[in-house]
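**Q** I have a structure I would like to understand better, so I am pasting it below and will then ask my questions one at a time.
Please treat every number below as a calculation from the coordinates, not as lab data. Quick caveat, the model's predicted, so the values are computed rather than measured. With ideal geometry, Cβ positions are generated from the backbone for all residues, glycine too; neighbour counts draw on all protein chains shown.
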Amino acid sequence: MVKWIVKHLSTIIAFLVSVVFVVYMYGCQAKTTSMMRDNQKVNRQELQLELDQIIGLAKLRMADLDKQEEFRAIILQNALILVQGQPFNPIGLLSAIAAIYGIKQGGSNITKAIKTNRVKKKVNNG
């Protein structure tokens, strides 16, 4: 057995070095610091997922900003129409006041109903 090992020593060493190299290359992936957590290392796929998440969040926030700017533009256009001398619409104003009053009354009725339900529960439980 010893004679066979000595005779094939270079082949055995080459095989062991190759196995160790393959295990090292497969098991030890390249890693870098995470974009979201400084104390964590991530590989290429995890880094791509973080990047996609950041881009998605930025797109959502841009859409929110677009909605706000669109609403602001509508208000500005309506103000410009009024300033340019369009006739005043009293029926539209009365409708707006009635809508605001209705929303306020509905809210106060709901508030009263919730308060009376809480009082009834306290009385029943107490």
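**Q** Out of these labelled values of Rg/Rh (Cα atoms, Kirkwood Rh), [x] 1.51; [y] 1.02; [z] 0.98, which was calculated from the coordinates shown here?
**A** Matching entry in [x] 1.51; [y] 1.02; [z] 0.98: [x].
**Q** Oh, and also: What ranking, highest mean first, results for peptides 106-119, 40-53 when packing means the other Cβ atoms within 10 Å averaged over each residue?
**A** So the order, starting with the most tightly packed, is 40-53, 106-119.
**Q** What is the helix-to-structure angle for 44-83, meaning the angle in degrees between its Cα long axis and the longest Cα principal axis of the chain, kept from 0 to 90 and rounded to the nearest 10?
**A** Between helix and principal axis, roughly 20 degrees.
**Q** For LYS67, list the lysines whose Cα falls under 24 Å from its own Cα; do not include residues on the same chain fewer than 8 positions away.
**A** LYS59
**Q** Would you mind computing, in nm to one decimal, how far apart the modelled labels at MET1 and LYS115 are, each placed 7 Å from Cα along Cα→Cβ?
**A** Taking the two extended label points, one gets 9.4 nm.
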